[in-house]
Amino acid sequence: MEPRLLARLERKKDQLDRLRPLPAAAVRRLEEQVTVEWIYNSNAIEGNTLTLKETRLILETGLTIGGRSLREHFEVINHKEAIEYVEALVAGDEPVTPFHVRQIHRLVLARIDDENAGQYRTLPVQIMGTAHRPPEAWQVPALMQDWGDWLTGPAQALHPLERAALAHHRLVSVHPFIDGNGRTARLVMNLLLMRDGYPPTIILRANRGQYYRVLAQADAGNVSPLLNMVGRALERSLALYLAACTPQSGPTDPQDEWILLRTAAEDTPYSQEYLSLLARKGRLEAIKRGRVWYTTRRAVAAYRQSVREQKKETSP
């Protein structure tokens, strides 16, 4: 993972920990927002056509949306129930096992495909748009047991983000179910992150293409792009929680206000495009809202200072 990104994550996590116990009212409002975004984006990545507004309406009122399939409605309701199950697991201390993965999957596919919900596949599957070939169905039970052994064994030595992201990739690679693998894997990833005190991370629908590319790179043995992508998503979540839970004793320092990259590039030797590249690589603290990147003047100043320090270290 990009070292600067990892350092920022640890700093923000430490800031959030110092604010605990978090203000209940702020957390409740934020969790409602995050839950809707989580459900919308995870379903949209898999082809669900409901909008963010429609997803919120279904969750808040239970109404059906005209012109949308019954399956799409159930995908929203099911995902909410799966999140509630994940939250219950977060509150406990039982190790996460393949049994819990199957229970999450059972909730994801309930009322959509009850025959296969929570059941390992018995047929071969193919992942469209990738060269990766999932293992044969008969191999799945043993591979899932291996996954559980890895998670409770060697993975415990990893950084929490690395452990969660790699657990997600390993699940997707095995593809243990006939359908619903991606949503289940992302739920498991957040279960692991939340167990370690992090907020849930959301892979945005707008980043769907990049998400599949970094998974393909991980299939080929290069996990760094995946770790960086999940890390940037986690940084966004940490920023949301810090903004909601940090007491405001006065006006926000202009150096800490989120601004467009083109604004941040002013009075610097960098172009907007270069700052965008740094943000995508995790080398510049930034968040993405929709398709637009934002950073702060303080973040740009910190990057420039790190460049100067590196030059001093390498100069004769």
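General observations
- Residue (of Gly197, Val140, Ala302) at the positive-pole extreme of the chain, dipole from beta-carbon charges: Ala302
- MRE, 222 nm, helices only [DSSP H, n ≥ 4, -39500 (n - 2.57), over the chain, to nearest 500]: -19500 deg cm²/dmol
- Separation of the range 1-70 from the range 190-235 is 15 Å, based on Cα centroids.
- Compared with the alpha-carbon gap, the fully stretched path from Arg298 to Ala157 is longer by 47.5 nm at 0.36 nm per residue.
- Sorted by Cβ density within 10 Å, fewest first, the residues Ile259, Ile58, Ile45: Ile259, Ile45, Ile58
- C-alpha long axis of helix 297-314 to longest principal axis of the chain, angle in °: 80 degrees
- Rounded to 10°, Cα long-axis angle of helix 208-219 versus longest principal axis of the chain: 80 degrees
- GNM flexibility winner over the chain from Trp293, Trp147, Trp138 (Cα, springs under 10 Å): Trp138
- Principal-axis tilt of helix 70-91 within the chain, Cα atoms, nearest 10 degrees: 70 degrees
- Least to most buried among His168, His73, His105 (fewest other Cβ within 10 Å first): His73, His168, His105
- 26 Å Cα-Cα threshold exceeded, pairs from Lys80/Lys288; Lys281/Lys311; Lys288/Lys312; Lys13/Lys288; Lys13/Lys53: Lys288/Lys312; Lys13/Lys53
Computed from the coordinates by the stated procedures, all read-outs in this text should not be read as laboratory data. As the structure is a prediction and not an experimental result, all values here were calculated from the model. Cβ sites come from the backbone with ideal geometry, for glycine too, and all protein chains shown count toward neighbours.
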